[in-house]
Amino acid sequence: MGAVPTRRHVLAALGLGAAGLAVAGCGHRATASAAPAFPDIPTRVATRWSAHPAGALPTSGDEGVPLRTVQQPLGSPPPSITGGALVGHLPDAASASYVFQDLTGVVGRVDRLGAVFGFGPGDGYGALALLALDGRPEGSGHIHLAVTPQRWTVGVLVAGTLQEVASDPFREGLPQDGRPLRVDVAYRGDTAVLALPDGSLRSVSDPRFAAAGASVAGWEFFRLAPGGADVRFFETWAG
């Protein structure tokens, strides 16, 4: 989601090196436009967390691909299943928790990533992110879609740095009563199509979206500062 705290430990824990993921400006900012349809990209892995009993995170998703978690600060509790959802147990401070599935050998790169999620009370300093990473030491990836109760931001990870490509506010803030919301993003070449939780379908094009090789899918709980909204996942998928 950003560089607070740093993602250096996340990359190291995934074997992707020690580069931090600082947010960087870029010379080109794309504009989102209305999309006519969502690309027909099949999901390869999917887990319905709402169907799992309360308790510790299983070792693999519903389709058998192993799960891996990373927490910031290190030593924080890992995500677990509580009340029919996957929850991140973030402290009320700058923090993040990630659930990863390595799809190397399943897909050439991740071209679809999504979730059914819910927001709890709190402000825009709480968010979820969908991301994909490759296995290179500097840690790059063509997917980084963050959603807060007020806005969405899509970007890329280049040599360990998060570069924002496009961002827009929602016309109305998203519900924060825990109701299920859906977000899905699919990539065809240099174009990302976003099925956003407010029901809109948006298209963003940028040559950096065409980067190859990012086959580690991730779902992130993020809090930038105290008071940030809680996030819970009911379903996750990638393809």
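The values are calculated or read from the model by the stated rules, or taken from the named source; none is laboratory data. Here the structure is a predicted model, which means the values were calculated and not measured. Backbone-built Cβ (ideal geometry, glycine too); neighbour counts: all protein chains shown. Keep in mind that these areas ignore ligands, DNA and RNA; they rest on the heavy atoms of the full protein, side chains included. Shrake-Rupley method; radii C 1.70, N 1.55, O 1.52, S 1.80 Å.
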- Here are some residues: A217, A211. Which one is among the hydrophobic types (A, V, I, L, M, F, W, C), open to solvent by less than 10 Å² (accessible area, probe 1.4 Å), in contact with a strand residue (DSSP E or B) (Cβ under 7 Å, 6 or more places away or on another chain) and in contact (Cβ under 8 Å) with a residue 12 or more places away in the chain? A217
- Within the set of pairs 6 or more residues apart or between chains, which connect a residue that is within 26 Å of A212 (Cβ to Cβ) and open to solvent by 10 Å² or more (accessible area, probe 1.4 Å) inside segment 180-197 to a residue that is part of a loop (DSSP other than H, G, I, E, B) and of a type in the set (D, E, K, R) with Cβ atoms less than 9 Å apart? R188/D111; D190/D206; T191/D206
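Being under 21 Å from V70 (Cα atoms) and at pLDDT below 95 is true for just one of L145, L224. Which residue is that?
Working: L145 fails: at pLDDT below 95.
Residue meeting the stated conditions: L224.
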- Is one or more of the residues making up segment 216-230 under 16 Å from L133 (Cβ atoms), aromatic (F, W, Y), in a strand (DSSP E or B) and touching a His at 6+ places or on another chain (Cβ under 7 Å)? no
- Task: Give the residues of segment 125-148 that are surrounded by fewer than 21 Cβ atoms within 10 Å (Cβ to Cβ) and closer than 17 Å to G88 by Cβ, sorted by residue number.
- Result: Y125
- Message: Considering only residues that are open to solvent by 40 Å² or more (accessible area, probe 1.4 Å) and either within 19 Å of L128 (Cβ to Cβ) or among the acidic types (D, E) (or both), which ones fall in segment 94-110?
- Response: D102
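Can you tell me which residue in segment 106-120 is farthest from S203 (Cα to Cα), limited to those that are outside any loop (DSSP other than H, G, I, E, B) and among the aliphatic types (A, V, I, L, M)? Outline the logic, then answer.
Going residue by residue through segment 106-120, those that are outside any loop (DSSP other than H, G, I, E, B) are 107, 112-119.
The next check asks that each one be among the aliphatic types (A, V, I, L, M); those that pass are 107, 113, 115-116.
Numbers: V107: 23, L113: 15, A115: 18, V116: 20 Å.
In this case the residue turns out to be V107.
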- Task: Among residues belonging to segment 142-168 that are in a loop (DSSP other than H, G, I, E, B) and of a type in the set (G, A, S), point out the one that is nearest to D190 (Cα to Cα).
- Result: A159
- Message: With closer than 15 Å to E220 by Cα, polar (S, T, N, Q), open to solvent by 40 Å² or more (accessible area, probe 1.4 Å) and under 16 Å from the mean Cα position of the chain (by Cα) as the only criterion, which of T69, T43 stands out?
- Response: T69
